[in-house]
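The values are calculated or read from the model by the stated rules, or taken from the named source; none is laboratory data. The model shown is predicted, which means the values in this text are computed figures rather than measured ones. Using ideal geometry, Cβ is built from the backbone for each residue, glycine included, and neighbour counts are taken over all protein chains shown. Remember, those area values only see protein heavy atoms, side chains included, never the ligands or the DNA or RNA. Shrake-Rupley method; radii C 1.70, N 1.55, O 1.52, S 1.80 Å.
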Amino acid sequence: MKKDLSKLVKYIHTLQVKPKQSVDLKKQFLTDYDHKILNKEEGEELLSWGIAKLSEMQDKLYAEGKKSILLIFQAMDAAGKDSTVKHIMTGLNPQGVKVTSFKVPTKLEQSHDYLWRHYVALPAAGEIGIFNRSHYENVLVTRVHPEYILSESLSEIENIKQVNQKFWDKRFEQINNFEKHLSDNGTLILKFFLHVSKKEQKRRFIERIDDPSKNWKFAVDDLKERAHWKDYRLAYEDMLSNTSTKNAPWFVIPADDKWFMRLLVGKIILSEFEKLKLRYPTVSLEQKEALEKAKVELLKEKETNE
């Protein structure tokens, strides 16, 4: 397939939230894009090619063993996080990928600071880590439901009134420092907000209710959280405005059209991966000589049926 993808690349640049940008999701970012230069079949073909390239790069990442990749996905319910992670995983070696889906914190996790459970799930050098939901739940769900903060047993918080803008600004700073530390130590961080419309979420919820094979995907609590749509949008806007940095950027991905959403995510990951300039380790002259000796020994062996 030969297509001029320059328009797609230019469009992708508009999806990255600039540091200190004041984000307005309704005015600045679409949930769908009407000027696609590819149809669904062409997009899926390009995505398959991209995933194959990612597989090659993952091999070099592991062989080099110096850097790691952390992919973070956040979204409203039914935006397509699970399916996007599944598509990315199809071409990767599962031994080098760690996927973590963060649920409601356990008692053990609540006995530590809110970043603790995320820190222990980070990818090691040579690995790719995927956070399906992440430490950002601590400035999203808790922002909409500040009473949850009281469960964290913070010494400086005695009541909900103290969970104010100053509290959230401090938490944004803590997250930025956490991610800077990771970046400084060799982790490439890419963060994706899958931006679905309220109308499309409704359609997907109804589909989950009507289709018996998808009933398990719908929970009554999903409907309760939908009632807080505006509160979540404002929480996301504040989060995006305060935590998109040069070393850990946010990308706002239109999520109403799933195949296009996956294509955009795959293209961004591939482009950022390429910037790492990964390569297979080169062996020394001494190691090369040892390899040649090993080859000679192998060729001397007589074939047996042992």
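Residues that are open to solvent by 20 Å² or more (accessible area, probe 1.4 Å) and within 16 Å of the chain's Cα centre (by Cα) within segment 247-293 comprise Asn247, Lys258, Arg262, Lys267, Ser271, Glu272, listed in sequence order.
Select, from Lys295, Lys275, the only residue that is closer than 27 Å to Ala52 by Cβ and out of contact with any helix residue (DSSP H, G or I) (no Cβ under 6 Å at 6 or more places or on another chain).
After applying the criteria, what remains is Lys275.
Residue pairs whose Cβ atoms lie under 6 Å apart, sitting 6 or more positions apart in sequence or on different chains, and linking a residue in segment 97-117 that is at negative phi to a partner that is assigned to a strand (DSSP E or B), are Val97/Ile128; Lys98/Gly129; Val99/Ile130; Thr100/Phe131; Ser101/Asn132. Do we find a residue being over 22 Å from Leu190 (Cα atoms) and either in a loop (DSSP other than H, G, I, E, B) or open to solvent by 60 Å² or more (accessible area, probe 1.4 Å) (or both) anywhere in segment 231-246? Yes, segment 231-246 has at least one match.
Only one of Ser153, Ser55, Ser101, Ser83 is open to solvent by 20 Å² or more (accessible area, probe 1.4 Å) and at pLDDT below 90; which?
On the way: Ser55 fails: at pLDDT below 90; Ser101 fails: at pLDDT below 90; Ser83 fails: at pLDDT below 90.
So the residue among Ser153, Ser55, Ser101, Ser83 that is open to solvent by 20 Å² or more (accessible area, probe 1.4 Å) and at pLDDT below 90 is Ser153.
Across segment 162-208, the qualifying residues are those that are farther than 21 Å from Phe73 by Cα and aliphatic (A, V, I, L, M), and the one among them that is surrounded by the most Cβ atoms within 10 Å (Cβ to Cβ) is Val163.
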